[in-house]
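Right, one structure below, let's go through it.
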Amino acid sequence: MSNSDLEDDLRGTFERAAASVPPATGLTERATTGARQAQRRTWIVAGAAAVAVAAVAVVGFSLGGRNATVQPPVAGGQTPAASASAQVAPSAETVSGTWRPVQMAGSTTLKADRPDEPLIEFKPDGTWQGSDGCNGLSGTYTIGQRGEFAVKIGPQRLVGCDNVPHTAVLRDAERIALDADTLKFFAGDGRELASYARAR
Amino acid sequence: MEFEEYVSARGQELVRLGFTVSGDYQRAEDLAQIALMQAFRSWRKVRKADDPHHYVRRILVNEYLSMTRRRSFTEAPTAELDPQRTVPDPATAVVNSDDLWRALAGLSARERVVLVLRYYQDLDDRTIADVLGIKPSSVRATASRALATLRRTRQSHHV
């Protein structure tokens with residue numbers, strides 16, 4: 001059988017298959033309702049997370065204020081977590097480079113097959129770029145003197161695959177810690193969100 | 001174009017595309033719904049695209065490929081084509097077509113998607129590469145491998 005016979009048969013088969021599909025009803029309603037419900041769930045989760053973060057912050061501040069007189073001063077003005085051995089003060093210069101994800105809270109498929117390598121690159125000029133495996137990502141970032149971290153995320157495509165949730169990590173991160181080859185992101189409550197290894 | 005107008009004009013096409021890639025009527029509707037939900041959430045951006053349908057089709061196809069990679073994914077049995085609904089076709093062609101339809105179930109998800117985009121959606125390899133986020137040479141290699149598999153399957157059935 002020639003290739004063109006097979007190709008013609010394929011066209012016919014797909015046409016027949018497509019024609020056999022019964023008419024779908026209510027697609028608009030299902031799509032809009034589903035999207036709105038998903039959005040509402042996101043708001044509820046985000047709201048609950050904000051309340052939790054605020055509660056932790058209030059407790060943290062009150063405990064911090066109580067202990068302020070008995071805590072020994074930390075050398076170099078760094079936070080205790082950041083003062084461990086091999087720590088490097090994080091700054092736009094020291095985090096500059098390309099990083100690959102090693103561990104992310106709640107993500108178990110970091111090594112799945114994807115069209116692109118899911119790396120992120122921080123540049124010394126305060127911009128970052130990368131890929132979640134299928135979509136290009138970019139934005140800007142700032143790092144404070146004690147590792148305070150904030151990003152702005154630029155527009156991105158929404159191609160679905162086993163996307164590596166870099167943007168969720170960056171968005172939720174409020175502090176980073178760096179040693180020679182490991183960059184860690186922490187949430188406002190001190191939870192470790194992700195760990196990246198220097199790729200190049 | 002408003003979202004409702006788009007769904008009313010192209011929604012059924014999406015379900016058909018979902019069926020040709022998945023071989024399952026229920027999954028086809030799910031895929032169309034997921035693609036439309038995602039498009040609806042960023043509709044302002046989608047409607048500005050040169051070809052909104054290309055954008056939504058890309059979501060659907062990649063959602064299917066993503067779905068097949070999940071551990072929880074179970075292969076749905078390939079639906080028998082309903083002869084009452086299919087387009088008129090000479091009897092022998094129908095038999096050949098049904099054999100081919102069953103043989104398609106033996107391909108990998110990506111191979112099948114490439115064939116659907118090429119022979120059902122009539123997309124060129126460059127556009128298919130863009131939809132799947134891979135190189136055109138990978139599209140050609142995947143299509144060639146899939147066609148060779150189908151040819152072998154048909155020959156073994158005809159022996």
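Straight-line cross-link reach from B:Lys48 at under 30 Å between alpha-carbon atoms covers these lysines, not counting any fewer than eight positions away in the same chain: A:Lys152, B:Lys135.
Give the peptides B:59-66, A:108-115, B:47-54 in descending order of average Cβ contacts within 10 Å, highest first. Walk me through the numbers before you get to the answer.
Details: B:59-66: 23.6, A:108-115: 14.2, B:47-54: 12.6.
Put in order of decreasing packing, that is B:59-66, A:108-115, B:47-54.
Close amide-amide hydrogen proximity is noted between A:Ala150 and A:Thr142, each under 5 Å apart and 5 or more residues distant or on a separate chain (H modeled in the peptide plane; Pro and chain starts excluded). Taking 14 Å as the straight-line reach from the Cα of A:Lys111, the aspartates and glutamates in range (excluding those fewer than 8 positions away in the same chain) are A:Asp132, A:Asp162. Sorting the Cα pairs of segment A:78-200 by distance into bins of 5 Å, from 0 upward, gives 2, 12, 23, 27, 20, 11, 4, 2, 0 percent per bin.
Rolling a 1.4 Å probe over the protein heavy atoms leaves B:Met37 with an accessible area of roughly 40 Å². The heavy atoms of B:Arg69 offer some 90 square angstrom of accessible surface to a 1.4 angstrom probe.
The values are calculated or read from the model by the stated rules, or taken from the named source; none is laboratory data. The model shown is predicted, which means the values in this text are computed figures rather than measured ones. Glycine also receives a Cβ, built like all others from the backbone with ideal geometry; neighbour counts cover every protein chain displayed. Surface accessibility is based on the protein's heavy atoms, side chains included, excluding ligands, DNA and RNA. Shrake-Rupley method; radii C 1.70, N 1.55, O 1.52, S 1.80 Å.
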